[in-house]
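So the structure is just underneath, and the comments pick up after that.
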Amino acid sequence: MGEQGGIGEQGGIGEQGGMGEQPEFDVVVAGSGAAGMTAALTAARRGLSVVIVEKTDRFGGSTARSGGGVWVPNNSVLRRAGVRDSPAAASEYLAHVAGEGVDKQRQAAFLEHGPDMLDLVREQCPMDFTWVPGYADYYPEAPGGLASGRSIEPRLLDGRVLGEELGRLNPAYLPAPAGVAVTQSDYKWLSLGTRHPRSVWRAVKVAARTAKTKLLHRRTLSLGQALAAGLRGGLAKQNVPIWYGTPLTGLLVEDGTVTGVHVARNGEPLTIRARRGVLIATGGFERNAAMRAEYQRQPTGTEWTVGAQGNTGEGIIAGQDIGGSLDLMDDAWWGPSIPLTGGPYFCLAERSLPGCILVNAAGQRFVNEASPYVDAVHAMYDGHTEDKPHIPAWLITDQRYRNSYVFAGLPPRRPLPRRWYAAGIVFKADTLEDLANQIGLPSGGLRETVERFNGFAAIGKDEDFARGDSAYDRYYGDPTCRPNPNLAPLSLAPFYAIKIVPGDLGTKGGLRTDERARVLRQDDSPIPGLYAAGNASAAVMGHSYAGAGATIGPAMTFGYIAVLDMAGTLG
Ligand SMILES: Cc1cc2nc3c(=O)[nH]c(=O)nc-3n(C[C@H](O)[C@H](O)[C@H](O)COP(=O)(O)OP(=O)(O)OC[C@H]3O[C@@H](n4cnc5c(N)ncnc54)[C@H](O)[C@@H]3O)c2cc1C
């Protein structure tokens with residue numbers, strides 16, 4: 001996997017960019033995540049010469065680490081699956097989710113171009129997608145929301161299509177054992193252990209798939225690994241080069257127009273000219289401690305994110321340096337996370353499954369534990385005061401919960417690792433009073449909270465936070481738990497307390513853009529030649545999150561839109 005090896009350097013300076021001191025392309029894209037690769041694919045299909053400059057020595061960024069979910073309403077994959085949707089419903093729903101702060105034209109552009117973008121990717125990449133059945137929109141009861149869900153995920157992909165370039169794929173966030181590939185819809189059922197016949201059937205299916213993968217020496221990829229590898233395969237087919245180890249360091253501006261980028265290539269400064277435009281697709285600033293301190297609510301930290309290492313916000317800064325305005329910098333794609341010693345664990349099903357509650361330092365519940373992950377962390381910050389800290393919060397469970405469900409990747413019944421106890425992340429006690437004492441909570445307070453919650457579990461109705469009322473809550477619930485799949489009492493000792501901090505999948509604030517993905521100045525005028533998409537731009541979702549895939553869907557779509565505008569074919 002040398003610097004010149006594999007398909008990564010094909011179509012380099014000599015082939016597409018001219019031989020001068022300053023290589024030149026029609027389009028220069030910075031960053032090789034979902035936004036950047038989709039944009040480069042679009043450029044190549046429009047007959048434009050294009051290069052991706054990537055800071056790290058791997059492609060895929062957070063996209064490769066992700067669940068690979070894509071939220072694009074009314075796309076061909078959903079139609080094929082028979083999901084009933086309409087542009088009007090999607091528009092009503094997005095307006096509700098994004099709120100007043102997000103320009104209506106941007107929302108409309110996303111919904112209009114998303115389906116075409118996806119068709120291009122499906123045609124040009126060695127990959128396809130499938131609906132994630134029943135993965136509800138995050139607010140399915142809102143106007144236009146769908147309880148059946150609008151999320152799709154990549155089908156399994158044999159990574160051998162990439163040849164040696166597969167070695168450049170940024171690794172998954174949770175490395176699976178060799179040969180094991182789990183999809184989003186597998187995860188829902190596997191998290192239930194052996195509670196449901198479909199869980200057992202899924203486990204058998206995954207085991208059979210793993211055996212076949214090993215037998216045939218396949219490199220089966222799922223989730224974000226499949227998405228990033230699939231996009232990379234599409235670029236390889238079009239001979240689009242990725243220049244690795246080539247960070248964007250600034251923008252070339254001539255007569256008020258962005259005409260290229262400054263990069264460091266092999267450690268040497270280089271200017272690359274862009275005839276049509278530059279797309280900043282360098283991801284968020286989740287790994288930049290100074291920016292987090294400057295823009296975000298405290299406490300926060302780079303150690304609580306699961307976003308990609310390379311995402312330190314240089315693209316955002318480069319745009320800002322030449323007059324680009326910023327928005328949503330205080331926000332992120334948050335999620336309650338366990339600060340494990342080897343890196344944070346982003347909780348999904350763990351919070352929704354019955355038999356656990358989330359409490360603050362007063363031992364009180366403060367949120368519907370099964371609510372969308374961004375909302376759960378907003379509640380942590382909103383309620384956090386010195387007198388009554390919500391950070392860290394504590395997930396309280398009992399042995400019945402541990403006996404029933406997968407927890408942070410650990411099978412049911414398996415004891416939680418000793419190093420988690422040693423690090424002060426997990427506590428265990430035979431009584432709630434003792435547990436409360438260990439973590440510094442008022443002991444009476446915790447017992448009172450648990451007793452009240454157990455009462456709700458008995459009647460199947462959470463009268464405080466409505467847990468289990470929404471179809472979204474129930475997606476990660478336990479269908480065998482009746483009457484409410486998200487509510488069960490905490491009653492079987494020992495009891496556990498697990499530390500929860502505000503983690504994130506990445507930040508969602510960045511350069512402010514318009515419906516053509518052009519970067520805007522403070523006065524709303526576009527900076528000629530400069531575009532941004534993905535987490536380098538302020539999210540079209542505003543402070544919210546429409547459904548699983550609502551970061552990657554818009555990232556890909558605005559990458560696509562940016563290049564159509566550069567090509568003069570946006571209309
Ligand atoms: C564990 C996990 C699960 C997730 N699951 C989902 C999901 O299922 N669905 C969903 O919608 N979202 C999900 N997300 C969020 C999603 O992955 C990101 O929001 C999205 O991938 C961002 O895409 P992007 O193209 O903006 O950036 P990225 O994919 O992060 O790519 C940015 C690239 O830019 C590079 N870069 C940075 N600085 C520079 C520079 N100066 N010069 C050149 N290159 C640079 C980076 O190295 C990186 O390769 C998940 C995230 C994680 C971590």
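Structure data summary
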read-out: Residue-span extension gain [GLU463 to TRP201] - 0.36 nm each, minus C-alpha spacing; value: 90.8 nm
read-out: Neighbourhood net charge (12 Å Cβ-Cβ; Lys/Arg +1, Asp/Glu -1) for LEU156; value: +2
read-out: Pairwise label distance in nanometres, ASP321 with SER86, each label 7 Å out on the Cα-Cβ vector; value: 5.0 nm
read-out: Area of TYR138 that stays accessible when all protein chains are in place (1.4 Å probe, Å², to 10); value: 10 Å²
read-out: The chain - share of DSSP beta bridges that are antiparallel (%, nearest 5); value: 70 percent
read-out: Accessible area per residue, Å², region 103-185 with all protein chains present, probe 1.4 Å; value: 39 Å²
read-out: Apportionment of accessible area to carbon and sulfur, the chain, percent (1.4 Å); value: 51 percent
read-out: In order through region 336-343: 3J(HN,Hα) via Karplus (6.51 cos²θ - 1.76 cosθ + 1.60), integer Hz, x for Gly, Pro; value: x, 9, 9, x, 5, 5, x, x
read-out: With at most 12 neighbouring Cβ atoms within 10 Å, loop trypsin sites (Lys or Arg not before Pro) (DSSP) excluded, longest segment of the chain; value: 85-412
read-out: Kirkwood hydrodynamic radius (C-alpha pairs) into Stokes-Einstein, region 520-571, 4 °C and 1.567 mPa s, D in µm²/s; value: 107 µm²/s
read-out: Mean shadow area of region 336-481, taken as a quarter of the surface of its Cα convex hull (nm²); value: 8.5 nm²
read-out: Kirkwood hydrodynamic radius (C-alpha pairs) into Stokes-Einstein, the chain, 4 °C and 1.567 mPa s, D in µm²/s; value: 54 µm²/s
read-out: Full-extension gain in nm, THR130 to ALA264, via 0.36 nm per residue minus C-alpha separation; value: 44.3 nm
read-out: Inter-label distance for ALA142 and LYS104, nm, one decimal - labels placed 7 Å from Cα along Cα-to-Cβ; value: 1.7 nm
read-out: Kyte-Doolittle mean at least -1.0, axial Cα span of 18 Å or more - DSSP H helices of the chain; value: 104-124, 197-215, 223-237, 443-459, 552-567
read-out: Rg over Rh, two decimals, region 464-533 (C-alpha only, Kirkwood Rh); value: 1.31
read-out: Inter-probe distance in nm under a simple model that places probes 7 Å from Cα toward Cβ, at ASP255 and GLU21; value: 2.1 nm
read-out: P(r), alpha carbons of region 317-360 - 10 Å bins starting at zero, rounded %; value: 20, 32, 21, 19, 8, 0
read-out: Estimated FRET transfer efficiency when R0 is 56 angstrom, pair THR271-ASN437 (beta carbons, to 0.05); value: 0.35
read-out: Whole-number D in µm² s⁻¹ for region 305-379, Kirkwood Cα-pair radius fed into Stokes-Einstein, 37 °C, 0.692 mPa s; value: 219 µm²/s
read-out: Top positive-direction residue, dipole computed over the chain with Cβ charges, set GLY542, VAL258, ALA44; value: ALA44
read-out: Region 248-404 - charge dipole about Cα centre, Lys and Arg +1 at Cβ, Asp and Glu -1, debye rounded to 20; value: 500 debye
read-out: Cut-off under 5 Å, modelled amide H: who pairs with ARG219 long-range; value: GLY159, ARG160
read-out: FRET efficiency, ALA493 to HIS96 (Cβ-Cβ, R0 56 Å, nearest 0.05); value: 0.80
read-out: Dimensionless Rg/Rh of region 224-370 - Kirkwood Rh, Rg from C-alpha atoms; value: 1.07
read-out: GluC sites (Glu not before Pro) within region 99-147, DSSP loop, no more than 14 other Cβ atoms inside 10 Å; value: GLU100, GLU141
read-out: Computed magnitude of the charge dipole of region 22-129 (debye, nearest 20; Cβ of K, R +1, Cβ of D, E -1); value: 260 debye
read-out: Estimated FRET transfer efficiency when R0 is 22 angstrom, pair ARG447-ARG482 (beta carbons, to 0.05); value: 0.30
read-out: In Å², nearest 10: area of TYR531 left accessible to a 1.4 Å probe; value: 20 Å²
read-out: Point-charge dipole on Cβ atoms (K/R +1, D/E -1) for region 480-571, about Cα centre, debye to 20; value: 340 debye
read-out: Violating pairs (Cα-Cα greater than 31 angstrom) within the set LYS388/LYS461; LYS214/LYS499; LYS188/LYS428; LYS188/LYS212; LYS214/LYS508; value: LYS214/LYS499; LYS214/LYS508
read-out: Solvent-accessible area per residue, Å², over region 244-285 with all protein chains present [probe radius 1.4 Å]; value: 38 Å²
read-out: Gyration tensor verdict on region 129-235 (Cα atoms; rounded if a/c is under 1.5, prolate if a/b is larger than b/c, oblate otherwise); value: oblate
read-out: Extension gain from ALA211 to LEU410, taking 0.36 nm per residue of separation minus the Cα-Cα distance; value: 69.5 nm
read-out: Cα lying deepest toward the dipole's positive end in the chain, options PRO247, ALA181, ILE561, charges on Cβ; value: ALA181
read-out: Inter-part distance where region 413-468 and region 279-352 are each reduced to a Cα centre, Å; value: 30 Å
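The values are calculated or read from the model by the stated rules, or taken from the named source; none is laboratory data. Given the structure is predicted, the values throughout are model-derived calculations rather than measurements. When we count neighbours, we look across all protein chains shown, and the Cβ atoms used for this are built from the backbone with ideal geometry, even at glycine. The protein model used for the area step is the full one, side chains on, heavy atoms only, and it has no ligands, DNA or RNA in it. Shrake-Rupley method; radii C 1.70, N 1.55, O 1.52, S 1.80 Å.
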